[in-house]
Each structure stands twice: as C-alpha cells, then as structure tokens.
Amino acid sequence: MLMPPPDQGTIARRSEIVEALRRIVPGEGVIADEDELRAYDCDALTAYKQLPLVVVLPENTEQVSRILKWCHAKGVKIVPRGAGTSLSGGSLPLADAVTIGMGRFNRILDIDFENRCATVQPGVTNLAITTAVAHAGFYYAPDPSSQIACSIGGNVAENAGGVHCLKYGLTTNNLLGVEMVLPDGEIVRLGGKHLDAGGYDLLGVVTGSEGMLGIVTEVTVRILKKPETAKAVLMGFPTSEAGGDCVAAIIGAGIIPAGLEMMDRPAIHAAEDFVHAGYPLDVEALLICELDGPAAEVEHLISRVEAIARDHGASELRVSTSDEERMRFWAGRKAAFPAVGRISPDYLCMDGTIPRRALPQVLARMQEMAQTHALRVANVFHAGDGNLHPLILFDANKPTELERAEAFGADILRLCVEVGGVLTGEHGVGVEKRDLMPVMFGEDDIKQQQRIKCAFDPEQLLNPGKVYPTLHRCAELGRLHVTGGRLPFPDIPRF
Ligand SMILES: Cc1cc2nc3c(=O)[nH]c(=O)nc-3n(C[C@H](O)[C@H](O)[C@H](O)COP(=O)(O)OP(=O)(O)OC[C@H]3O[C@@H](n4cnc5c(N)ncnc54)[C@H](O)[C@@H]3O)c2cc1C
C-alpha cells in the first residue's frame with residue numbers, strides 16, 4: 001500500500017510547527033517526543049504504522065480553528081483522530097502531517113428530552129451517550145461493537161453502524177447537527193436540534209466523509225425511548241447456506257428485526273471459548289435475531305421467526321426468557337472480534353455489503369477463495385443488512401501472509417461489487433479500500449466526488465492519501481473546454 005511521498009520541506013520545519021502548536025495549545029497538549037508519539041502510530045488497521053510528525057490535543061473549538069488556520073497558512077497537512085478504532089486506516093498518521101487528537105473533547109453538553117436529542121463533544125464515546133440518558137429510559141441507537149471505545153466524532157466521520165442499525169438506521173439517520181471547523185479555520189454549523197435544514201443536505205455530505213472535509217467539534221444526535229420489550233432468538237443451522245436463506249426469508253416476510261446477525265463455525269467456536277455465551281458448537285451457522293416493541297407485537301413476531309427458522313431446517317432454536325439471557329446471546333457476538341484475535345496472531349477485518357439474496361452464494365465462494373489463498377476466514381456479520389465482516393486470519397511474522405491476506409480481502413470486496421453490492425458498509429474506505437475504488441466507480445464518478453472534497457479543502461490538506469486512489473490537484477479537476485479564449489459561465493467560481 002503506497003502513501004503519497006512525505007514532503008521533506010514540512011518535515012524539515014518540524015520544530016517551527018511544534019512551537020506554533022504549543023503557542024495555541026499550551027501545557028501537555030502537544031506531543032512531540034518519539035516514544036510518546038508511538039501510541040498514535042496506527043489505528044485498528046494495525047497492519048500499517050507510521051509515526052505522526054506531531055500530535056496536538058486541543059480542548060476547545062477555538063483552538064481547533066487556530067490550529068487549522070495556522071496549518072492552512074503554512075501548507076501543513078492534518079490527520080483528524082478520534083479514538084483510533086478505525087478498521088480502514090482512516091486515522092493512520094502521515095510522516096508530514098499533524099495528527100489532531102479529539103480525545104479531550106469529552107463532555108456531554110446538553111440533554112434535551114423534550115426534543116429527544118443530545119448535544120455532545122466529538123470525543124465522547126458512543127456508549128457514553130446511552131449511559132448519559134439511560135436514567136430516563138432513553139438510548140442512542142447506532143451501536144458499533146466498538147461502542148465502549150469509539151468516539152461519536154469518529155462515528156460521524158465513518159457513518160458507523162451496528163447491530164441495531166437494521167431497524168433504527170446508521171449514524172446518518174440519527175445525526176441532527178454538527179459544529180465543524182473547515183480547513184481554513186472557519187467555524188460552521190450544519191443542522192441543529194430540528195429535523196431538517198434548508199438548502200443542500202450538507203450534513204449528509206459530511207457524514208461518512210472520513211475526516212476529509214473538516215473537523216467536527218460538536219455533535220447533536222437523536223435519542224430514542226427504550227422499547228417496552230426486547231427478546232432475542234438464537235438459531236443454529238447445519239449449513240451457512242441454510243442460515244443465509246433464513247435471513248432472506250425473515251426480511252422477505254416483512255419483519256424488520258432490531259438486529260439480525262450471523263456467525264459461521266470458526267467465529268462461533270472462538271466466541272464461545274472466549275465468553276461462554278452458551279452457543280451450540282455442532283452448527284455451521286448461528287443467527288441471532290432480536291425483536292423489540294410492545295410485548296404483544298414481540299411475541300407475535302417471535303413466533304413467526306421461529307416458524308421461518310424451522311422451515312429452513314434450524315437444528316437449534318432458543319428464545320431468550322430474560323434480559324440477562326438476551327444479553328448473553330449478544331455477548332458472544334459483541335466479543336467476536338477480540339475472540340478471533342485469540343485464535344490468530346493477526347486478522348484483517350473486511351467490510352463489504354451485498355444484496356441479502358446473494359448471502360449463500362457469497363459465503364460459498366468465500367470458502368473457495370480461502371482455499372486458493374491458503375488462509376482461514378471467520379465470518380461475523382450484520383446479516384440483516386447484508387453487511388459482511390469476513391475476518392481473514394494470518395500471521396504477519398510469516399513471509400507473504402500479509403500480502404496473501406490483502407489479496408484475499410481484495411477478492412472478497414470485488415465479489416461484493418460483482419454480485420451487486422458495495423465496497424464498504426460501515427468501516428469506510430480509508431487506505432484499506434482506497435485502491436479498490438475503481439472496481440466500483442468510474443473515473444468520472446471519482447472525479448465528481450473529488451470535486452466535493454475540493455469545494456471544502458482546495459489545498460487538500462485534510463487527511464490526504466485516504467479514500468481516493470489518485471491525488472488530483474483541485475485545479476486539474478476543474479479543467480474546462482475553453483472556446484475562443486472565453487470561459488463558459490465566467491461568473492461561476494472554479495477550483
Ligand atoms: C473491535 C472493533 C469493532 C468494531 N465494530 C464496528 C461496528 O460494529 N460498526 C462500525 O461501524 N464500526 C466498527 N468498528 C470500526 C470503528 O470503531 C468505527 O469506524 C468508529 O466510528 C471509529 O471511531 P473512532 O473515534 O475510533 O475514530 P478514528 O479511528 O480515530 O477515526 C476514524 C475516521 O474519522 C475521522 N475523525 C475522527 N474524529 C473526527 C472528528 N472529530 N472530525 C472529523 N473527522 C474525524 C478520522 O480522520 C478517520 O478518518 C469497530 C472497530 C473495532 C476495533
């Protein structure tokens with residue numbers, strides 16, 4: 001994986017940059033010591049590491065604005081960072097860029113039950129929002145498995161999802177507003193407590209923009225009343241295909257579960273060994289289906305799901321009888337990634353989305369690919385959304401295993417696109433899928449996306465080297481056909 005060559009001029013100016021940052025963020029807010037920088041040398045895509053030029057930890061929006069303004073004036077690049085749990089290398093540092101860590105933005109600013117929303121700083125963890133509103137029976141719905149650690153700012157930047165997003169939507173469907181600082185230091189607000197904003201949907205553009213358009217300094221999210229009842233059904237199947245077909249049948253029957261997750265045999269065994277959730281070990285596929293709402297509705301839907309599972313040959317069928325048991329069903333799923341980390345020195349977690357009907361075909365093809373690449377794969381995924389998370393197991397200390405794992409991952413993502421799906425469901429493109437963007441988008445599509453980037457960040461100082469396979473200068477993207485020396489529509493601003 002190639003990153004843009006670092007600018008030696010910027011690296012030579014390191015002491016000047018560190019001094020300027022110290023003037024803006026005094027005290028312990030600037031990290032320049034090599035040993036201390038090591039804590040920031042990667043995110044959760046640990047296959048790639050790079051020491052940042054320097055790390056700055058601002059405490060307020062004004063400091064973020066002054067940092068960006070200074071860097072903009074001096075042409076210094078910036079990598080925004082939340083909790084560093086990105087699985088696509090979105091917050092991977094650059095040797096010639098300042099990493100801005102948003103961890104000190106950790107305050108809940110306002111809880112407004114009447115308007116059913118909460119305003120928080122971007123470094124607040126996803127789970128902390130639910131914790132802050134739980135006393136009144138509310139919660140924040142998108143629940144990435146990393147929710148104990150990942151920041152809401154990072155969730156906005158990646159449009160994070162989770163188990164409950166099938167019914168309640170991803171971050172983008174639960175985000176009402178942000179305050180953000182543009183690359184030149186200007187502070188802007190998009191959206192607010194209200195449900196819709198005038199003009200273009202800029203909040204939608206910013207959600208999932210992977211730290212490339214601005215730095216989010218405040219987030220307002222929708223909070224929901226906890227459902228009256230929630231029950232989960234645990235279903236085991238003798239084949240992955242039967243499990244995949246059952247998923248399609250549940251959704252096809254018009255049922256929208258709160259969550260519908262699937263694990264294959266290697267993932268079931270790893271999770272069971274780790275958290276002892278009581279999973280059956282003699283099945284090839286395990287489904288966890290949660291239904292929530294009024295008690296009578298949940299009972300009715302549970303009986304329908306049970307009937308569908310029986311029709312698809314479920315060999316194991318258990319309905320949770322208490323909240324503790326429901327949480328135990330989920331405990332294995334939620335801990336599946338670290339559980340797989342116990343059975344392999346390294347793994348790559350892929351993230352592609354496919355039409356649900358293609359699940360059995362894709363799972364079968366993936367097993368064939370595992371043989372071709374001579375590597376193991378464990379599957380844990382949001383089956384209801386068709387969002388796959390194949391975990392490719394490898395040992396980085398063995399020659400060629402990382403390269404083989406990357407090639408296997410790329411083949412899986414190509415397959416996702418081939419069957420009508422997309423390159424990413426929730427983890428973002430980052431550096432991981434950057435070079436696969438042309439598999440999904442034509443050159444014109446990519447250029448159009450880059451034009452949006454250029455409208456926010458004409459100098460391309462924010463998070464360069466991520467998402468787009470080729471770096472275009474913004475001026476090149478604006479090239480026009482000029483006839484007779486006259487620009488068409490000369491009054492339109494160009495970049
Ligand atoms: C074990 C594990 C399980 C996971 N499970 C899920 C899951 O179920 N669903 C899911 O969606 N993801 C999951 N993830 C991935 C990850 O947790 C999410 O992508 C999360 O949203 C990243 O948040 P973060 O605070 O760690 O951001 P970081 O990793 O620090 O950054 C991610 C991106 O956001 C940008 N960014 C961060 N903060 C800001 C800001 N304030 N302003 C502008 N840009 C910013 C960065 O530049 C980068 O591009 C998982 C990760 C792990 C390690």
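Values quoted throughout were computed directly from the atomic coordinates according to the rules given, and no laboratory measurement underlies them. Since this is a predicted model, take the numbers as computed values, not measurements. Every residue, glycine as well, gets a Cβ built from its backbone with ideal geometry; the counts of neighbours run over all protein chains shown.
Just how far, in whole angstrom, is segment 7-45 from segment 211-257 if you go by their alpha carbon centroids?
40 Å
For each of Leu92, Leu195, Leu402, count neighbouring Cβ atoms within 10 Å of the residue's Cβ, then give the residues from fewest to most. Let's see the in-between values first.
On the way: Leu92 28, Leu195 10, Leu402 16.
Ordered from fewest to most neighbouring Cβ atoms within 10 Å, Leu92, Leu195, Leu402 come out as Leu195, Leu402, Leu92.
Just to check I understand the Karplus step: with θ = phi - 60° and J = 6.51 cos²θ - 1.76 cosθ + 1.60, what whole-Hz values come out for segment 323-336, glycine and proline as x?
Karplus-based 3J(HN,Hα) across segment 323-336 equals 5, 5, 5, 4, 5, 5, 4, 6, 4, x, 5, 5, 9, 5 Hz.
Provide the net charge surrounding Val120, with neighbours chosen by a C-beta distance below 12 Å and charges set as Lys +1, Arg +1, Asp -1, Glu -1. Don't skip to the end; give the middle numbers.
Working: positive: Arg107; negative: Asp110, Asp112, Glu179, Glu218.
Net charge around Val120: -3.
Under the Kirkwood approximation applied to all pairs of distinct alpha-carbon atoms, what is the hydrodynamic radius of segment 229-337 in Å? Intermediate results must be reported in sequence, preceding the final value.
Details: mean 1/r = 0.0735 Å⁻¹.
This gives a value of 13.6 Å.
Quick one: order Phe237, Phe381 by neighbouring beta-carbon count within 10 Å, fewest to most. Can you show the working numbers first?
On the way: Phe237 24, Phe381 27.
Taking fewest neighbouring Cβ atoms as first place, the list is Phe237, Phe381.
Based on Cα coordinates alone, diagonalise the gyration tensor for the chain, multiply each eigenvalue by 5, take square roots, and list the semi-axes in whole Å, largest first. Show your work: numbers first, answer last.
Details: eigenvalues 305, 136, 105 Å².
With the √(5λ) rule applied to the chain, the semi-axes are 39, 26, 23 Å.
Report the far tail of the P(r) of segment 295-361, meaning the percent of Cα-Cα pairs longer than 18 Å. Each step should come with its number before you reach the end.
On the way: 1417 of 2211 pairs.
For segment 295-361, the fraction of Cα-Cα distances above 18 Å is 64 percent.
Would you order Phe408, Phe105 from fewest to most other beta-carbon atoms within 10 Å of each residue's own beta-carbon? Please list the in-between numbers first.
Working: Phe408 22, Phe105 27.
Least crowded to most crowded, the residues run Phe408, Phe105.
Which far-off residues, 5 or more places away or on another chain, put their amide H under 5 Å from the one on Lys77, with H placed in the peptide plane?
Under 5 Å from the amide H of Lys77 lie the amide H atoms of Val98, each far enough along the sequence or on another chain.
Residues with beta-carbon under 12 Å from that of Tyr139, excluding Tyr139: net charge, scoring Lys, Arg +1 and Asp, Glu -1? Walk me through the numbers on the way to the answer.
Details: positive: Arg116, Arg222, Lys225, Lys226; negative: Asp143, Asp292.
Around Tyr139, the surrounding residues sum to +2.
Just to verify a number: FRET efficiency for Leu202 and Leu281, C-beta to C-beta distance, R0 = 51 Å, to 0.05? Don't skip to the answer; put the middle values down first.
Values: r = 50 Å, r/R0 = 0.98.
My answer for the efficiency is 0.55.
Using the beta-carbon distance between Lys226 and Met1 and R0 = 41 Å, what value does 1/(1 + (r/R0)^6) give for FRET efficiency, to the nearest 0.05? Display every interim value, and only then the final one.
Details: r = 43 Å, r/R0 = 1.04.
So the FRET efficiency works out to roughly 0.45.
If you average 1/r over all unlike Cα pairs in segment 77-205 and invert the result, what Kirkwood radius do you get in angstrom? Let's see the in-between values first.
Values: mean 1/r = 0.0646 Å⁻¹.
Here the Kirkwood hydrodynamic radius works out to 15.5 Å.
Could I have the simple spin-label model distance between Asn397 and Ala12, label points 7 Å from Cα toward Cβ, reported in nm to one decimal?
4.1 nm
From the helices alone, meaning DSSP H stretches of at least four residues, give me the mean residue ellipticity at 222 nm for the chain, per-run term -39500 (n - 2.57), in deg cm²/dmol to the nearest 500. Mind showing how you got there, number by number?
Working: 19 runs with 176 residues, N = 495.
Using -39500 (n - 2.57) per qualifying helix, the result is -10000 deg cm²/dmol.
Give the list, by residue number, of cysteines in the chain with no other Cys Cβ closer than 4.7 Å, or say none.
That list is Cys42, Cys71, Cys117, Cys150, Cys165, Cys246, Cys289, Cys349, Cys416.
Amide H neighbours of Gly90 under 5 Å, counting only residues 5+ apart in sequence or on other chains, H built in-plane at 1.01 Å?
Val431
Could you sort out which of Lys193/Lys225; Lys167/Lys225; Lys49/Lys447 sit more than 22 Å apart by Cα distance in this structure?
On the way: Lys193/Lys225 17 Å; Lys167/Lys225 14 Å; Lys49/Lys447 28 Å.
In this structure, Lys49/Lys447 lie more than 22 Å apart at Cα.
What ³J(HN,Hα) values, in whole Hz, does the Karplus curve 6.51 cos²θ - 1.76 cosθ + 1.60 give for segment 241-251 when θ = phi - 60°, with x put for Gly and Pro?
The phi angles translate into 4, 5, x, x, 5, 5, 4, 4, 5, 4, 5 Hz.
From the backbone phi of segment 372-377, what are the Karplus-calculated ³J(HN,Hα) couplings (6.51 cos²θ - 1.76 cosθ + 1.60, θ = phi - 60°) in whole Hz, Gly and Pro given as x?
Result, rounded to whole Hz: 4, 8, 6, 9, 8, 9.
Could you state the number of Å between the C-alpha centres of segment 412-479 and segment 164-191?
Between the Cα centres of segment 164-191 and segment 412-479 lies a distance of 20 Å.
Mind ordering 321-328, 270-277, 428-435 by average Cβ neighbours within 10 Å, highest first?
Result, highest mean Cβ count within 10 Å first: 428-435, 270-277, 321-328.
In terms of modelled amide H atoms, which long-range or inter-chain residues lie less than 5 Å from the amide H of Leu388?
Gly352, Thr353, Ile354
Counting Lys +1, Arg +1, Asp -1, Glu -1, what net charge surrounds Thr172 among other residues with beta carbon under 12 Å of its beta carbon? Kindly include the intermediate steps, with their values, before the conclusion.
Working: positive: Arg222; negative: Glu158, Asp201, Glu426.
Combined, the nearby Lys, Arg, Asp and Glu give -2.
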